[in-house]
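See structure below.
The values are calculated or read from the model by the stated rules, or taken from the named source; none is laboratory data. Because the structure is predicted, anything quoted here is derived from the model rather than measured. Cβ placement follows ideal geometry from the backbone for every residue including glycine, while neighbour counts extend to all protein chains displayed. To get the accessible areas, we keep the full protein, side chains included, count just its heavy atoms, and leave off ligands, DNA and RNA. Shrake-Rupley method; radii C 1.70, N 1.55, O 1.52, S 1.80 Å.
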Amino acid sequence: MALKEESKRLLAEDDESEPSLSNSHSRYDSDSERQMSACCDPSHLLHRIIVLIFMCFLGFGSYFCYDNPAALQTQILQDMHATTSSFMQLYALYSWPNVVLCFLGGFLLDRVFGIRLGTVIFSLFVCIGQVIFASGALFNAYWLMELGRFVFGIGGESLAVAQNTYAVSWFKGKELNLVFGLQLSMARLGSTVNMNIMGWVYSRIESTLGHSGYTALGITLMIGSATCVFSLICALVLGYLDKRAEKILNKEQGKTGEVIKLTDVKDFSLSLWLIFIVCVGYYVAIFPFIGLGQVFFIEKFNFSPAQARAINSIVYIISAPASPVLGFMVDKTGKNVIWVLCAVVTTLAAHVMLAFTFWNPWIAMSLLGISYSLLACALWPMVAFVVPEHQLGTAYGFMQSIQNLGLAVISIAAGSILDNRGYLFLEVFFTSCVCLALIAVVMLYFVDLLKGGELNLSAKQRQKLQKSSEAEDEKRQRLLQQRAEELARLRPMSAFGLRNRYLSRLGAQLPDHYCTHLSALAHRSVLK
């Protein structure tokens, strides 16, 4: 009995000496035994749908507030006594930091902050920038509004990169196309809601205060900043859910996968430079036009402010549902250059209608919305067709960089043209930009045709080409492996190795370290 009690006491002391180990094992056992509900299990579809909801709303505030100036164009011009040139500076100042950050955003997310902390930091920049922008209106300080837009721009584009990185981390394969489509649709929804609600909010604030002015404008913009706070909360929740999934599933933190090497620019082909020209020439005729569109529809077509805001948002309204559908169509048919050509020609027709006719502008704006969605689906994937995989990060970063550079410069130019020449000259200017894109598309078609027409292949042709290239790669790998094996057999052995092999074949007992050395030599010769 005494021996039994002594053994119990020793076992108890041993258990007390390692409390942390036993506690960790007990927690692990209890966690493994306890079944998690579907909404709490990171591997379950229901949980990932919850993550997707927060993921979509992550960029909602950024896209909602990006076009606050367009939704309140008349109010900003009147209450802040601004010219159109200074008004368009609000868009230019958003684009300037992204000329550089398009290269650095992925690096900061991968190497410096990590996806979770980086997302929160960029969401903070967006939120703080919008608050500074609203404060500038509230205190009648236009320079403060410009500073706010600059800070807002630092976070805006990089937050979109973080959003895509989360998508790649949580969803794979065919799910990813749908997720990207839903994210784009949510972004366009944010822009649409902004266009149609901010004017109404301003009028309600104006009626409450009893007068218009910069105070009503500042309060309206401050209310709009609530969407950025909501997106910041989504970033915090996403960070927690991703950290929790990393512990439970032992998965790595998501990375952008971008590899930026500026030296790769010298290796870019003529086709890629033409794609860049199409991108800049097209988008500078879309976003600055939407930024100035409200007053255009009021002055030329005698629309009410509410009607002008509604028609100015039709591009985003159409883009929200059309982007996934048109993307699916382009994937199934191929012929990317032809689709880009159709989009550019349609956009050119829409701008000509707006400039030189008094037809119902709903027709032109609807065409603009469809062509805008189609070009995005057909143009951006072409970069992957003309650039090696290790240069994709540099190519896309450079494309976004010059796009933002073009938007910054053209926004300033558009404001100056409107102040000095009016809307007709502005529309002619936008039409010339689309014509530049059209010339680049036609050149791209013929350059690609001379190189074999890879960019304009149908989906079936591209699939066959991909299969044949994969078969060639496998054949090349097999030939390289066979050659390596033949060289390994022909490679002469050292005198030490020959002597040991001869002795081992004679039946001599060799020391263990000799045998190990002999096998290592043989293994090394095979690897070589």
**Fill in**
Sparse-neighbourhood loop hits (chymotrypsin sites (Phe, Trp or Tyr not before Pro), the stretch 128-173; DSSP loop; Cβ within 10 Å at most 14 others) -> PHE139
**Pairwise centroid distance, computed over Cα atoms, of the stretch 116-169 with the stretch 94-111, Å** = 13 Å
**Message:** Loop-only chymotrypsin sites (Phe, Trp or Tyr not before Pro) in the stretch 349-406, please: DSSP not H, G, I, E or B, and at most 11 other Cβ atoms within 10 Å.
**Reply:** PHE358, TRP359
**Request:** Any chance you could run the full-extension gain for ASN360 through VAL229? It's 0.36 nm times the residue separation minus the Cα-Cα distance, nm to one decimal.
**Result:** 43.3 nm
**Request:** Please list, in chain and number order, the residues 5+ apart from GLY334 or on another chain whose amide H is under 5 Å from its amide H, with Hs placed from the backbone.
**Result:** ALA459
**Heavy-atom accessible area per residue - the stretch 129-246, 1.4 Å, Å²** = 41 Å²
**Request:** Could you pull out the pairs from LYS335/LYS451; LYS266/LYS332; LYS335/LYS467; LYS332/LYS475 whose alpha carbons sit more than 27 Å apart here?
**Result:** LYS266/LYS332; LYS332/LYS475
**Asked** How long are the semi-axes of the ellipsoid equivalent to the stretch 262-354, from square roots of 5 times the Cα gyration tensor eigenvalues, in whole Å, largest first?
**Response** 31, 18, 12
**Request:** Leaving out ligands and nucleic acids, note down the accessible area per residue over the stretch 321-381 with a 1.4 angstrom probe, in whole Å².
**Result:** 42 Å²
**Prompt:** For the stretch 344-385, which whole percent of the accessible surface, found with a 1.4 angstrom probe, sits on carbon and sulfur atoms?
**Reply:** 81 percent
**Prompt:** Which FRET efficiency, nearest 0.05, do HIS390 and SER37 yield, Cβ-Cβ r, R0 51 Å?
**Reply:** 0.75
